[in-house]
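Single-structure report; data block below.
FYI, it's all coordinate maths here, none of it is from the lab. Quick caveat, the model's predicted, so the values are computed rather than measured. Neighbour counts run over all protein chains shown; Cβ positions are idealised from the backbone, glycine included.
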2 protein chains.
Amino acid sequence: MELDDRKLKILQAVVRNYLETGEPVGSRTISKYTDLNLSSATIRNEMSDLEELGFIIQPHTSAGRIPTDKGYRLYVDNMMAERIQEIDEIKDKLDQKADRIELLLQQVAKLLAVNTNYTSMVSKPKYKHKKVKFVQLSEVEENQLLAVIVIEGNIVKNKIIHLSLPLTKEMTLKLNIVLNTFLQGLDLTEINMALIQKMKEQAGEYSDVIGNILDVIAEAISEEDNLEIYTSGATNILKYPELSDANKASELLYTFEEKEELTKLINDTRDNEDVENHAIQVYIGDEAPLQVMKDCSMVTATYEIEEGVYGKIGIVGPKRMDYEKVVGTLKTLMVQLDEIFKKKI
Amino acid sequence: MELDDRKLKILQAVVRNYLETGEPVGSRTISKYTDLNLSSATIRNEMSDLEELGFIIQPHTSAGRIPTDKGYRLYVDNMMAERIQEIDEIKDKLDQKADRIELLLQQVAKLLAVNTNYTSMVSKPKYKHKKVKFVQLSEVEENQLLAVIVIEGNIVKNKIIHLSLPLTKEMTLKLNIVLNTFLQGLDLTEINMALIQKMKEQAGEYSDVIGNILDVIAEAISEEDNLEIYTSGATNILKYPELSDANKASELLYTFEEKEELTKLINDTRDNEDVENHAIQVYIGDEAPLQVMKDCSMVTATYEIEEGVYGKIGIVGPKRMDYEKVVGTLKTLMVQLDEIFKKKI
DNA sequence: TGTTAGCACTCAACTTTATGGAGTGCTAAC
DNA sequence: GTTAGCACTCCATAAAGTTGAGTGCTAACA
């Protein structure tokens with residue numbers, strides 16, 4: 001059996017209608033809804049074929065049809081009309097916050113959630129092979145030292161270190177020099193025991209300060225700390241009956257609250273080429289690498305904060321999500337983020 | 001009508017039983033449950049009295065009784081058995097994180113939520129009249145300056161400042177001196193235009209750097225930024241049928257996600273004396289200053305991070321919450337937090 | 001050969017009607 | 001003051017009936 005043009009039109013009509021109403025779509029509706037001028041009986045025959053081909057399904061005998069994942073997929077890949085979505089407020093709001101990446105990303109997530117009525121998530125970009133750029137110790141109070149570490153990508157970390165014995169100005173200066181000469185330009189793998197030993201020797205009785213600082217550096221560079229994900233609008237899923245039943249909603253909300261599982265989504269890359277082209281990716285149902293999302297769809301986009309440093313933005317909603325709007329919104333957003341990052345960094 | 005001892009015992013039995021089961025409690029149950037050796041008929045008479053006094057109520061004719069807010073209140077104030085709750089894991093887990101207050105508080109929230117199966121929230125303490133303790137500029141790269149500001153209470157803020165024209169080492173040193181001599185020990189109200197003008201004069205062509213730093217300082221000190229609240233276990237409320245119906249759950253979860261409204265709870269102080277004594281406060285239903293919580297109870301405690309610097313910890317759950325456990329858990333936690341803060345700060 | 005009208009059939013969703021049981025309030029007796 | 005007994009109420013659940021949207025199939029038509 002072939003998927004001729006008429007079948008495609010009918011499939012499209014079924015999907016569109018179902019996206020709008022959330023109710024199974026019957027043959028009579030299609031007969032009126034499309035400009036095919038066919039009777040419901042004919043449509044029935046065609047729908048029967050489409051069902052056999054696996055694009056639509058009946059939730060039960062004597063009900064209308066709803067799209068299968070395969071049906072959605074065909075729709076998203078071939079029949080979706082581009083609909084660029086304007087979000088005027090975005091630029092203004094984002095510009096104000098652009099100096100603090102965390103706030104910016106949180107803001108982006110919120111805007112997306114409010115605009116789409118779905119749940120959004122934004123991952124903080126990961127810097128690979130991060131190197132130490134700058135270390136500085138300053139005496140804040142007697143017995144209190146402030147260590148500031150700047151990592152490639154201008155990530156700043158700090159820690160207050162309590163001293164058991166006070167530090168002279170000269171010693172502080174010396175430690176600063178030692179730290180910077182030894183550590184500058186190194187990444188985690190390059191800071192080895194031999195190096196640490198040498199630094200501690202130079203620091204003499206203040207060797208524990210060195211240890212303290214290295215801890216902070218390790219923490220700053222290590223992946224774990226960096227897998228931060230911002231979400232917004234998690235409660236939006238309660239607006240969609242197909243997701244809001246106690247169990248599903250509970251699992252989903254828990255996933256969004258804990259965030260840990262979400263890293264799987266963010267890190268998943270089905271097609272490297274797509275990422276490099278900043279393409280929008282659509283996951284339908286089981287396609288997402290996360291069991292709880294089997295009844296959801298997810299649309300993700302990759303943004304680039306600077307050469308080679310990527311983060312991801314995703315929107316999660318019911319399968320009958322307004323794909324056109326979501327994809328359009330994400331595309332607009334990508335453009336605006338690009339502008340902001342180019343300007344600011 | 002008087003509240004004699006027997007009535008109290010019956011009320012206590014009703015509350016206890018309802019806390020456990022969540023079902024209206026009938027006279028026959030009480031008759032067996034207590035050691036009063038009274039027939040159900042007698043209990044019925046007493047319960048009728050208790051209802052007239054407003055401590056219990058029938059959800060409908062021919063159902064058992066459930067406690068009213070007034071009933072819970074009496075129970076919490078007078079009949080609750082202290083039950084100190086051990087949370088062994090707490091100390092270990094918290095000790096590791098004690099150097100980063102945000103992580104610590106987030107961790108505390110999580111522990112509470114996991115231990116109690118309710119929703120927890122922890123507010124970051126507010127420092128009043130915060131003063132600038134230390135300011136430092138360092139050159140990270142050409143055209144890139146790192147500003148670090150330490151506020152009283154060892155709050156560290158930093159910002160990368162992009163320069164339009166490069167800065168010499170001497171100039172950096174000079175700016176550092178200017179900033180520190182002018183700003184050290186001042187709070188927001190004391191940094192006025194006259195002062196700013198003087199500093200800018202001294203900075204010469206780098207006056208915009210001064211402006212930039214003042215912005216960061218303002219942000220660091222300002223209240224707004226500081227009203228941070230950490231929550232955990234929001235989805236736990238879905239475990240309680242009386243809260244998990246679509247509407248209530250949705251409103252509650254939204255409140256926990258947005259957090260903004262929660263500041264009302266955190267800031268509410270019915271009794272100043274209580275706060276100073278680090279007493280546990282219990283809000284039942286409408287007693288909480290937040291409409292969405294009318295079907296919930298909340299238990300809060302005040303912790304002191306250092307002399308005069310308070311934060312709040314709260315647990316939100318259904319009215320039929322295990323008050324004894326929650327209060328006990330919070331008390332234990334308070335002791336352990338006290339220890340940690342005394343040791344570390 | 002593709003299209004259509006007509007009709008019997010199915011099934012979820014909703015409404016109505018029974019049935020059972022937990023619990024009460026009242027009364028009369030101890 | 002306490003208690004047994006009984007009529008009564010009302011929720012919950014199940015069972016039975018009703019409706020309507022939608023299908024598949026057949027036979028007739030262009």
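A few remarks follow.
- Candidates A:Glu257, A:Glu287, A:Glu307, ranked by Gaussian network fluctuation over chain A, Cα under 10 Å, top entry: A:Glu307
- Helix A:88-97 axis, angle to chain A major axis (alpha carbon atoms, nearest 10°): 10
- Diffusion constant of chain A at 25 °C, which comes from Stokes-Einstein with the Kirkwood Cα-pair radius and 0.890 mPa s, µm²/s: 104
- Distant-in-sequence amide H partners of B:Leu163 (H built 1.01 Å from N, under 5 Å): B:Gln144, B:Leu145
- Look at B:Thr302, A:Thr61, B:Thr263 and count the other Cβ atoms within 10 Å of each Cβ; fewest to most, that gives A:Thr61, B:Thr263, B:Thr302.
- Counting charges near A:Thr29 (Lys, Arg +1; Asp, Glu -1) among other residues having Cβ under 12 Å from its Cβ returns a value of +3.
- Phi angles across region B:186-200 convert, under the Karplus curve 6.51 cos²θ - 1.76 cosθ + 1.60 with θ = phi - 60°, into 3J(HN,Hα) values of 9, 10, 3, 5, 8, 8, 10, 4, 4, 5, 4, 4, 4, 5, 5 Hz, Gly and Pro given as x.
- Derived scalar couplings between HN and Hα for region B:179-184 equal 4, 5, 5, 6, 9, 3 Hz in order, rounded to whole Hz, by the Karplus curve 6.51 cos²θ - 1.76 cosθ + 1.60 (θ = phi - 60°), x for Gly and Pro.
- Against the compact-protein benchmark of 2.2 N^0.38 Å, the Cα-based radius of gyration of region B:132-225 scales to 1.01.
- Residues whose amide H comes within less than 5 Å of that of B:Cys296, counting only those at least five positions distant or on another chain, are B:Gly285 (H built at 1.01 Å from N in the peptide plane).
- Rotational relation B to A, axis-closest Cβ in chain B, residue and distance rounded to whole Å: B:Val148, 3
- Taking N as its residue count, the alpha carbon Rg of region A:5-79 over 2.2 N^0.38 Å: 0.96
- Within the listed set A:Gln12, A:Gln291, A:Gln106, the residue fluctuating most in the Gaussian network model of chain A (springs between alpha-carbon atoms under 10 angstrom) is A:Gln291.
- Partner shielding of A:252-265 amounts to 2, given as the average count of beta-carbon atoms from other chains within 10 Å of each residue beta-carbon.
- Net charge over other residues, Cβ less than 13 angstrom from the Cβ of B:Glu257 (K, R count +1; D, E count -1): -2
- The same position B:Leu103 in the other copies lies at 2.4 nm from this copy, comparing label points 7 Å beyond Cα toward the beta-carbon, shortest first.
- Least to most buried among A:Phe182, B:Phe55 (fewest other Cβ within 10 Å first): A:Phe182, B:Phe55
- Karplus-derived HN-Hα couplings along region B:295-305 (A = 6.51, B = -1.76, C = 1.60, θ = phi - 60°), whole Hz, x at Gly and Pro: 9, 10, 10, 9, 10, 10, 9, 10, 10, 10, 8
- Helix B:40-52 vs. chain B, principal-axis angle (Cα, 0 to 90°, nearest 10): 40
- Potential extension, B:Glu102-B:Lys70 segment - 0.36 nm per residue separation minus Cα distance: 7.8 nm
- In nm, spacing of pseudo-spin labels at A:Ile57 and A:Glu339 (7 Å Cα→C-beta vector): 4.4
- Neighbouring Cβ atoms from other chains, within 10 Å of the Cβ of residues in B:229-237, number 3 on average.
- Which of B:Met79, B:Met334, A:Met193, B:Met298 has the fewest Cβ neighbours within 10 Å, and the rest in rising order: A:Met193, B:Met79, B:Met334, B:Met298
- Over the protein assembly as shown, the Kirkwood radius and the radius of gyration, each from Cα atoms, give a ratio Rg/Rh of 1.04.
- Within chain B, helix-based [θ] at 222 nm, where runs of 4 or more DSSP H residues each add -39,500 (n - 2.57), nearest 500: -14000 deg cm²/dmol
- Shown for B:Gln291: label points 7 Å from Cα along the beta-carbon vector, and their distances to the equivalent points in the other copies, 4.1 nm in ascending order.
- Comment: the Cα-to-Cβ extended label point of A:Ala246, at 7 Å, lies 1.5 nm from its counterparts in the other copies, nearest first.
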